[in-house]
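These notes are about the structure you will find just below.
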Amino acid sequence: MATRRPLEDVKILDFMWVMAGPASTRILADYGAQIVRIESPTRVDTARTLQPYKDGTLGPDSSGLFNNCNAGKLGIAMDLKNPRAKEVVFDLLRWADVVTESFSPRGMKGFGFDYAALSAVKPDIVMLSSCLMGQSGPLSTIAGFGNMAAAISGFHNITGWADRQPAGPFGAYTDYVSPRYAAAAILAALDHRRRTGHGQYIDLSQAEASLHFLGPALLDYTVNGRCQGRHGNDDDRFAPHGVYPAAGDDTWVAIVCRDDRDFGNLCDCIGQPQLKSDSRYATAAARLERRRELDAIVSEWSRALAGERIEATLQERGVPAHRVFNSADIFTDAHMKHRQHFVELPHSTLGTFTVEGPRAKLSRTPADVRRSAPSLGQDNSLVLEEILGYDEDRITSLAVDGLFG
Amino acid sequence: MLRIATAIIMSMLSPYRVLDLTTDRGLLCAEILGDMGADVIKIEPPGGSPARLIPPFVDDQPHPDRSLYWWSYNRNKRSITLDIASAQGRELLNRLVKSADFLIESFDPGYLANVGLGYDALNAINPAMIVVSITPFGQDGPKAHYADADLIMMAAGGPLILAGDDDRPPVRLSVPQAYLHASADAAVAALAAHHERVDSALGQHIDVAAIQSIPIATQSYVLAAPLGSAEARRMSGGVKFGPMNIPLVWPAKDGFIALTYLFGSALGVFTRKLMEYLCEQGYCDEATRDKDWIGLGELLASGKEPLSEFERLKQIVIKFTSSHTKAELLQFAVDRGFLMTPVSTIEEVVKSPQLASRNYWQTVEHPELGRSFSYPGPFAKFSATPIEYRRRPPTVGEHNREIYAGELGLSTERIAKLEREGVI
């Protein structure tokens, strides 16, 4: 029997879409929060159109990204611009502890569901808005995705090779960072509400939250006036520190020497123990100075060997090393299997769907993902009948008025 | 009335105490809790945490109280030094455990148990305390004792293979990220467990593995294999998927911009809007403007449109972007809803008018240096309980006296003795 999860009494009315928003509430869903997510019957959630697709085939429910961000939630499709949306939204609001949304700042006001309107109905509601740049300021209304927030926040310019154009981190980086801050903010605000009876409004700029992941570089500028750029895989402290070729197509191993001991062990592993006592590489400072030489020496050794063997040889001696994994490598990795990282769930239209499991293991009240992301409008009846207690006549009347598209 | 007023201004987590035993793997977790008001005590080994030796440093002078890495992730904490591996140290820690609500640690799995501070021992002293462990690979599993580093975790967790130039090795972000992902997940998990504790009055042990926090940074491409989809491959400033090279970074007159130029029912709408403008400005003809921007992705994937057509379209866009400055292109985005932003340098981020208009940067005084510095501001704006930077990052053991004498009631002599013996 499934155990009780920590947030099972938390109810969230979720207007979020695309990635940064839904990824926030997905975390809370894993901890048991009841989430009713509203989707437009006509304006498709961008996440539904993004790769990777199940069996490589685009379909309304086949996006891995959409499923990964929305598993564990109930889904209701309704047109927020319809005049009758208000009665349903307000009933859901009365049910909810938290409202979340990730439209551009004018969105909720346009629908008549901004914090002023919602808190007038339910004064102690906790509402969180997450958008690219925040609810105010000259760029507040900019449309876009996390790759754009990441670029304007400095993540792209520090990723890549100094002699090349910025490579950027992969994809919508602030959409990976900001959801944690959003989820933590909601839980802390709920605790405050429990103790004081007061709700509040939280304006989360995905850019501003994510900038904390660049803290040292930002302070290096504000304190020292130094503008850090990109420098491949070089590190400020460690050398060798890089990604080295292994045998095979696009096959790589990351290797890091944190100190003299790691370096000594590496020298043994690559069959060049004499380098340990070579004055050219004797200290961390010397190794940083001659890092290109060391990269060449390590590459010379690594390129003929299988990645698995390089990793095993070095790890056996305590030297940080790991193959550079792609999805197939991670999916078949014994460690990730042990950690039950991937979870296969029944799916309403596609048979089954695999998503990532919860990201923390709680000993007494474990997190758990129990249902696939909803197909469009999958839970309309459940939400309207069971959560809101609407009778058939009322639901028919809403449908006749076009609320469900 | 006074009580109510106090309750209203009380910050979100001010009733709770956090003991932060983390190394550089976990510092951000307690900072997030501290930002939201928790009373965080950073417990460092005598002499200070090794994380204080991580560069950069103020004026490039290495010193435990000048590390900007340390400053980034230790605001709103107090610092005490304590050798938790010694018998006296353990006893003092156990006294602190009695009044703590959370203990966050990031030692290698098994270390705390070896020094008599495993979860069972801590739970026996304070059954309501939530213990959060942040490690590279988790508390168990075949790789639980692997040697680690930021680059190693980014390699093992999936984002690395997807980033970089296709003719060179994959690259990481040059500011370490791996443990920040884990630490932020840990903060959420701690608060979820806390929510449950309100009813049960029981703590629990939370096992956070960086290796499971990082794959989200693949934009769910980590699911490609289990879903039976093709793997994406890296390409500088973009991604290769199947036969298509999809750029996300484009040239501007004075640098680069991020521009989402994609198709499909959601994104095609934006692309159409951009192409209508480009046509109006003479960058392309009307036939190009009137292409099926919704269906083009599928047409290219199936070969019904040749890939050379996508290359032609990209050249049209490059002609446009490279003839404008980053600032001009950003203004287009604001005015016309195009999906583009500048690739900003760190300097441009710090000087951003958007951030200035939201009073993002916080001035934090460092009296020990006689200077004040500008810090990245609150991660969100809370209407009732705004985040405050109550404390600058502490110097080594700055609060030893305050906590050992003031809270635990140790005499001056006892504290001096503990110092002599290297316990604090």
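Points to keep in mind about this one:
- Sequence of A:H341, B:H63 once ranked by neighbouring C-beta atoms within 10 Å, starting from the fewest: B:H63, A:H341
- Amide hydrogen proximity for B:M235: with H placed 1.01 Å from N in the peptide plane, the residues at 5 or more positions away or on another chain lying under 5 Å are B:G164, B:K240.
- Debye log10 I(q)/I(0) for the protein assembly as shown, one point scatterer per Cα, at q = 0.05, 0.11 Å⁻¹: -0.25, -1.33
- Beta bridges by DSSP in the protein assembly as shown, antiparallel share as percent, to the nearest 5: 50 percent
- In this structure the amide hydrogen of A:L128, modeled in the peptide plane, comes within under 5 Å of the amide hydrogens of A:V99, A:T100, A:E101, A:I202, none closer than 5 places in sequence on its chain.
- Residues B:I84, B:I130, B:I41, ranked from the fewest to the most other C-beta atoms within 10 Å, line up as B:I84, B:I41, B:I130.
- Whole-Hz ³J(HN,Hα) from phi, Karplus 6.51 cos²θ - 1.76 cosθ + 1.60, for segment B:28-40, glycine and proline x: 5, 4, 6, 5, 4, 5, x, 4, 8, x, 5, 8, 9
- Listed residue pairs exceeding 25 Å between alpha carbons, taken from B:K291/B:K326; A:K73/B:K273; A:K86/A:K122; B:K98/B:K417: B:K291/B:K326; A:K73/B:K273
- Percentage relative contact order, segment B:233-343, counting C-alpha pairs under 8 Å, at least six apart: 32 percent
- Between helix A:173-196 and chain A: long-axis angle, C-alpha atoms, 0 to 90°, nearest 10: 50 degrees
- What separates the Cα centres of segment B:116-168 and segment A:261-336 is a distance of 21 Å.
- Neighbourhood charge, 12 Å Cβ-Cβ cut-off, centred on B:V350 and excluding it, Lys, Arg +1 and Asp, Glu -1: -1
- Amide hydrogen proximity for A:L345: with H placed 1.01 Å from N in the peptide plane, the residues at 5 or more positions away or on another chain lying under 5 Å are A:F353, A:T354, A:V355.
- Taking other residues whose beta carbon is less than 11 angstrom from the beta carbon of A:R5, and scoring Lys, Arg as +1 and Asp, Glu as -1, yields -2.
- Counting DSSP beta bridges with both ends in chain B, the antiparallel % (nearest 5): 50 percent
- C-alpha long axis of helix B:326-336 to longest principal axis of chain B, angle in °: 80 degrees
- C-alpha long axis of helix A:307-316 to longest principal axis of chain A, angle in °: 80 degrees
- Helices in chain B, meaning DSSP H runs of at least 4 residues, each add -39500 (n - 2.57). Divided by all residues, the mean residue ellipticity at 222 nm is -10000 deg cm²/dmol.
- Out-of-range pairs (alpha-carbon distance over 31 Å; input A:K54/A:K337; A:K81/B:K351; A:K11/A:K109; A:K109/B:K42; A:K54/B:K319): A:K81/B:K351; A:K109/B:K42; A:K54/B:K319
- Net charge, B:G141 excluded, C-beta distance under 14 Å - Lys, Arg +1, Asp, Glu -1: -1
- Contact order relative to length of segment A:241-326, as percent, for alpha carbon pairs under 8 angstrom and 6 or more apart: 43 percent
- Using the empirical formula 2.2 N^0.38 Å as the baseline, the Cα radius of gyration of segment A:241-326 reaches a ratio of 1.01.
- Computed over segment B:38-175: relative contact order in percent, which uses C-alpha pairs under 8 Å that are six or more apart: 16 percent
- Taken one residue at a time, the phi angles of segment A:267-272 give Karplus couplings (6.51, -1.76, 1.60, θ = phi - 60°) of 4, 4, 4, 8, x, 10 Hz. Gly and Pro are set to x.
- Among B:S72, B:S220, A:S119, the order by Cβ neighbours within 10 angstrom, fewest to most, reads A:S119, B:S72, B:S220.
- Comparing B:Y146, B:Y389, B:Y404 in a Gaussian network model of chain B where C-alpha atoms under 10 Å apart are linked, the largest mean-square fluctuation is found at B:Y146.
- HN-Hα J in Hz across segment B:189-196 - Karplus 6.51, -1.76, 1.60, θ = phi - 60°, x for Gly and Pro: 4, 4, 6, 5, 5, 4, 4, 5
Since every read-out is calculated from the coordinates, none of them should be taken as a lab result. All values reported here derive from a predicted model rather than from experimental measurement. For neighbour counting, all protein chains shown are included, and Cβ atoms are generated from backbone atoms with ideal geometry for every residue, glycine included.
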